[in-house]
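As structure tokens, the structure follows; a few thoughts come after it.
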Amino acid sequence: MKRRLSAILLGFLIGSITALGIEYLSSLIYPPPGELDFGDSEAVTQYMKESVPLMSLIIIVVGWAIGSLLGGFASAKFDPANRTRNALVTGGLLMLLGIFMLYSFPYPTWMMIASLFVFVPFAIIGSRLVSSDIPENRPS
């Protein structure tokens with residue numbers, strides 16, 4: 001149980017750091033205007049709806065996918081006997097973080113829909129990349 005929780009925590013940390021890092025890179029590539037006041041929610045909403053580059057948003061979604069893939073891989077590598085369950089939980093936790101981010105800023109609706117097809121599926125794909133001689137535990 002301790003190993004499984006450690007694997008999930010490791011996967012979540014790696015996945016979230018990766019996703020947030022790629023989001024940060026997106027903001028460096030496509031910086032918001034210097035005069036944008038992030039304390040003014042109306043100004044941020046207007047910027048997100050009218051001025052944010054589409055490629056910046058696509059980079060963010062790709063970052064979510066890469067973070068989920070690496071998080072699922074890490075959780076499965078650390079505890080291969082529970083790789084699918086760990087990946088599901090890791091992907092679920094990353095999805096909760098993504099939902100928090102989606103509601104923190106007024107992202108477009110298509111990003112909310114895309115998040116449904118990114119976090120958990122890519123975490124499972126990441127877990128499948130782990131080759132293991134250890135058979136996976138299956139519930140009876």
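The values are calculated or read from the model by the stated rules, or taken from the named source; none is laboratory data. Since the model is a prediction, treat every value here as computed from it, not as a measurement. Here Cβ is always computed from backbone atoms with ideal geometry, including for glycine, and neighbour counts include all displayed protein chains.
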### Message
Can you tell me which of (1) crowded, with 18+ Cβ neighbours inside 10 Å; (2) farther than 23 Å from V120 by Cβ is the one Y30 doesn't meet?
### Response
(1)
### Task
Return the residue satisfying two criteria in turn: it lies in the stretch 39-51 and is assigned to a helix (DSSP H, G or I) and of a type outside the set (A, V, I, L, M), and of such residues it is nearest to W110 (Cα to Cα).
K49
#### Entry: Index of the failed condition, L36 passing every other in (1) within 27 Å of R3 (Cα to Cα); (2) not in a helix (DSSP H, G or I)
(1)
#### Entry: Meets criteria (assigned to a loop (DSSP other than H, G, I, E, B), over 27 Å from M1 (Cα atoms) and either free of Cβ contacts under 8 Å to residues at least 60 places away in the same chain or aliphatic (A, V, I, L, M) (or both)) for G63
no
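Of S56, S75, which residue is modelled with pLDDT of 90 or more, surrounded by fewer than 20 Cβ atoms within 10 Å (Cβ to Cβ) and either hydroxyl-bearing (S, T, Y) or outside any helix (DSSP H, G or I) (or both)?
Details: S75 fails: surrounded by fewer than 20 Cβ atoms within 10 Å (Cβ to Cβ).
That would be S56, the only listed residue that is modelled with pLDDT of 90 or more, surrounded by fewer than 20 Cβ atoms within 10 Å (Cβ to Cβ) and either hydroxyl-bearing (S, T, Y) or outside any helix (DSSP H, G or I) (or both).
May I ask you to say which residue of L70, L129, L94, L88 is farther than 30 Å from F38 by Cα, at pLDDT 90 or above and touching a Phe, Trp or Tyr at 6+ places or on another chain (Cβ under 6 Å)? Steps first, answer last, please.
On the way: L70 fails: touching a Phe, Trp or Tyr at 6+ places or on another chain (Cβ under 6 Å); L94 fails: farther than 30 Å from F38 by Cα; L88 fails: touching a Phe, Trp or Tyr at 6+ places or on another chain (Cβ under 6 Å).
One residue alone meets the criteria, L129.
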#### Entry: Test set (1) outside any loop (DSSP other than H, G, I, E, B); (2) more than 16 Å from the chain's Cα centre (by Cα) - L69 fails condition number
(2)
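Looking at D40, D79, which one is farther than 21 Å from L20 by Cβ, without any contact (Cβ under 8 Å) to a residue 24 or more places away in the chain and among the acidic types (D, E)? First the steps, then the outcome.
Details: D79 fails: without any contact (Cβ under 8 Å) to a residue 24 or more places away in the chain.
Going through D40, D79 in turn, just one is farther than 21 Å from L20 by Cβ, without any contact (Cβ under 8 Å) to a residue 24 or more places away in the chain and among the acidic types (D, E): D40.
When you scan the stretch 130-139, do you find a residue that is of a type in the set (A, V, I, L, M), in contact (Cβ under 8 Å) with a residue 40 or more places away in the chain and part of a loop (DSSP other than H, G, I, E, B), even just one? Break it down into steps so the answer makes sense when it comes.
Quick first cut of the stretch 130-139, residues of a type in the set (A, V, I, L, M) only: 130, 134.
From what's left, in contact (Cβ under 8 Å) with a residue 40 or more places away in the chain: 130, 134.
Narrowing further to those that are part of a loop (DSSP other than H, G, I, E, B): 130, 134.
There is at least one residue in the stretch 130-139 that is of a type in the set (A, V, I, L, M), in contact (Cβ under 8 Å) with a residue 40 or more places away in the chain and part of a loop (DSSP other than H, G, I, E, B).
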### Summary
For the stretch 103-124 the number of residues that are of a type in the set (A, V, I, L, M, F, W, C) and either buried (at least 18 other Cβ atoms within 10 Å of the Cβ) or touching a Leu at 6+ places or on another chain (Cβ under 6 Å) (or both) is 9
